[in-house]
Amino acid sequence: MKALVKSRSERGIWLEDVPEPEMGINDVKIRVLKTGICGTDLHIYEWDAWASATIPIGLTIGHEFVGEVVAIGSNVADVTLGQLVSGEGHVVCGRCRNCLAGRRHLCAHTSGVGVNRNGAFAEFIVLPTTNIWQHSATVDRDVASIFDPFGNAVHTALEFPVLGEDVLVTGAGPIGIMAAAVARHAGARYVVISDPNPYRRALAEKIGVTLAVDPRATTLKQAQQQLNMQEGFDIGLEMSGNPHAFRDMLANMSHGGKIAMLGIPSEDISINWNQVVFNQLTIRGIYGREMYETWYKMTVMLESGLDISPVITHRMNWRDYEEGFAAMRSGNSGKVILDWAD
Ligand code: NAD
Ligand code: ZN
C-alpha cells in the first residue's frame, strides 16, 4: 500500500510502498478516507531535535484521520464492517493503576500513533479496538478527520467550568481557535484570543470570538478595558507554547483564576511565581483527550450546533502532501485535510 514514511534521517517525508499492516485478534483494520496534518507531523517532517530523538526511521506518520472499517479481529464484537471511525491517537497499556481506574488519559505507558507506532498517512491503518471511536451518522467527514485535535481543544476548554466566565486563549492555531469556539458554545461570557498572526486572528474572528488581539499591538490589559472587564480573566487556555504568551496570561488572570495548559513550551519558561502564589492560580497541564468522555462531548457539541468547520482552510489530494505541509509551514492555514479516497 502507499504510505507517507519517515524513511530517512533528514528533513522530509517520502511516499513509499509498504506492506499492509497485519491484524491481531483484538484489532480493527481501517481504510483511511481523510487525514489532518498536525503540528507534530510538521516537526517530524522538519526533523528537529525532538523528532530525531523520538521517531524511528521507517515509521508511517500521521494520527488525525477518519476511515471505514474493512476488517475486524475475531475477538472484536462491537465494531461493524463499513462503520465510519476515527482512532484515539494514544494507545494505552490497559493494566497500570490509572488505566485500571478508568483514567486512561493518564497512562504512563502511552504509545503514540504515527509517533511511536505506524500511523494513518497510508491507505490502511490497524488499531486495537479499544482505540476506535465510531462516529454518529450525521458527522461531517472533514470534521471527523480532525477529531484528534478537536479533542485536544475540548479536553482543554472544558477542564474548568466556563459558564459565565471570561476566557483568555493564547495562540490562535487550529487548536486554540477550536478551543475558543468550544468555550463560547459552553457558555463563556467573553472569549479573547491572542496571536501575532493576522491570518489566524481573522480565522478566529470567523469562528466567533469576542475579541482577537495582536499581542504586539494591544496589551491584554487594554483588551480587558475595551470589554469593561474589572478583575482579569477567570479561565486561561494556553495554546501557543510561547513564553511571552504564558507570562502575559499569568499577569492577566483574576485572583483564583484557572489555567489549562496544552501548548508545549518551545523552551524553559521562567515565570513570576508571586503571581501564582498571591493570586492563588491553578495551572493544569493537559495531554491528549479523555478516553472517551472527550470524544462523547465532541459528538454531542456538534449535534447541538457547534460548527468548527471554518478551521479547515485547505483540502487536497494526499499525493499533494508536499503542498499541504508547505501550507502548514506558512502559518497561513488552519487545518489542512488530505483526501485518500482516490
Ligand atoms: P500552532 O503552532 O498551529 O499554533 C500556535 C499559535 O501560537 C500560532 O498561531 C502562533 O502564531 C501563536 N503564537 C506565537 N506566539 C504567540 C504569542 N506571544 N501570543 C499568542 N500567540 C502566539 O499549534 P496548534 O496545532 O494549534 O497546537 C497548539 C499548541 O498545543 C502547540 O504548542 C502544540 O505543540 C500543542 N499541542 C499539545 C498537545 C497535548 O496533548 N498537550 C496536543 C496537540 C498540540
Ligand atoms: Zn496504562
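Since every read-out is calculated from the coordinates, none of them should be taken as a lab result. The structure displayed is predicted, hence computed values, not measured ones. Positions of Cβ are backbone-derived with ideal geometry, glycine not excepted, and every protein chain shown enters the neighbour counts.
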**Asked** Which one of ILE44, ILE61, ILE37, ILE55 is more than 15 Å from ligand 1 (Cβ to nearest atom) and among the β-branched types (Val, Ile, Thr)?
**Response** ILE55
**Asked** Just checking, how many residues over the range 218-272 are out of contact with any strand residue (DSSP E or B) (no Cβ under 7 Å at 6 or more places or on another chain), more than 19 Å from ARG201 (Cα to Cα) and more than 10 Å from ligand 1 (Cβ to nearest atom)?
**Response** 14
**Request:** Give the range 106-123 a look and list any residue that's among the β-branched types (Val, Ile, Thr) and either near ligand 2 (Cβ under 7 Å from one of its atoms) or farther than 13 Å from ARG289 by Cβ (or both), or say none.
**Result:** VAL115
**Request:** Given the conditions (1) in contact with a helix residue (DSSP H, G or I) (Cβ under 8 Å, 6 or more places away or on another chain); (2) crowded, with 19+ Cβ neighbours inside 10 Å; (3) of a type in the set (A, V, I, L, M, F, W, C), report the number of the one that ILE269 does not fulfil.
**Result:** (2)
**Item:** Pairs where the first residue, in the range 283-306, is farther than 13 Å from ASN131 by Cα and the second is more than 16 Å from ligand 2 (Cβ to nearest atom) and of a type in the set (D, E, K, R), C-beta under 7 Å, 6+ apart
**Value:** ARG284/GLU159; ILE286/GLU159
**Message:** Can you confirm whether ASP41 is touching a residue at least 60 places away in the same chain (Cβ under 8 Å) and out of contact with any strand residue (DSSP E or B) (no Cβ under 9 Å at 6 or more places or on another chain)?
**Reply:** no
